[in-house]
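Worksheet: one structure, shown below.
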Amino acid sequence: MPEQQAEPALMVGGLFTTPAPQHRRLGQLLAWWAVDYAARHISAVWVRGHTSSERVMRYARDTIGCTVETVLREKRHVHLLQHPSLCMPSLQTLIADQD
């Protein structure tokens, strides 16, 4: 993955999900905020992160739209996640609708 290391990216240090109904879209909105921020403010091509959790990986892939590559590191599966940075003009409305 040396070619990926040359591309500007915003690294997300943690992604969590919550089963609470009132917070069910929180992870999605936070991820989309990062995608928008990367495009608007730091000219990053990608937003990237990783997880060892199958559940978080499926959430990132199926709900947020991340692409996933699974690798073996120190005898553990690690899911590398990435999403292209995008300006999301409707993000402010989506966040406001959560009230």
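The values are calculated or read from the model by the stated rules, or taken from the named source; none is laboratory data. Here the structure is a predicted model, which means the values were calculated and not measured. Cβ: placed from backbone, ideal geometry, glycine included. Neighbour counts: every protein chain shown.
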Subset of the stretch 44-71 that is assigned to a loop (DSSP other than H, G, I, E, B) and touching a residue at least 40 places away in the same chain (Cβ under 8 Å) - its residue that is surrounded by the most Cβ atoms within 10 Å (Cβ to Cβ): ALA44
Options THR70, THR17, THR63: the member that is modelled with pLDDT of 90 or more and hydroxyl-bearing (Ser, Thr, Tyr): THR70
Qualifying residue in the stretch 84-92 (condition: outside any strand (DSSP E or B), surrounded by fewer than 18 Cβ atoms within 10 Å (Cβ to Cβ), without any contact (Cβ under 8 Å) to a residue 12 or more places away in the chain and polar (S, T, N, Q)): yes
